[in-house]
Amino acid sequence: MRLRFTILQAVFIAFMGLYGTSLYAQTYSILGKVSDEKGETLLGASVVIEGTSLGAITDLDGNYEIGGIK
């Protein structure tokens, strides 16, 4: 009986460890599009989150994605 209880404890602890790690490992992304006052998209524009080193450069269609945001 003692051995069975210990195995159940080990399985529970392993499950909680994996589940808990996935909660803290979540990251977010910001997606957007850069255009000028005429509505034309801007190629190669730099987009930076102020106060961080996170940023991206727009593609041919003016789209950008900044990933790895915690």
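Taken together, the values in this text are just the output of simple stated rules run on the coordinates, not laboratory data. Computed from a predicted structure; not experimentally measured. Don't worry about glycine lacking a Cβ; one is built from the backbone with ideal geometry, like all the others, and counts go over all protein chains shown.
Overview of values
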{"quantity": "Residues of the range 34-65 satisfying the condition of being of a type in the set (S, T, N, Q) and surrounded by 15 or more Cβ atoms within 10 Å (Cβ to Cβ)", "calculated": "THR41, THR58"}
{"quantity": "Tabulated pairs, the range 39-54, first over 24 Å from LYS70 (Cα atoms) and touching a residue at least 12 places away in the same chain (Cβ under 8 Å), second outside any loop (DSSP other than H, G, I, E, B) and hydrophobic (A, V, I, L, M, F, W, C), C-beta under 7 angstrom, 6+ apart or interchain", "calculated": "GLY44/ILE57"}
{"quantity": "Every residue from the range 46-69 that is over 11 Å from ILE30 (Cα atoms) and charged (D, E, K, R)", "calculated": "GLU50, ASP59, ASP61"}
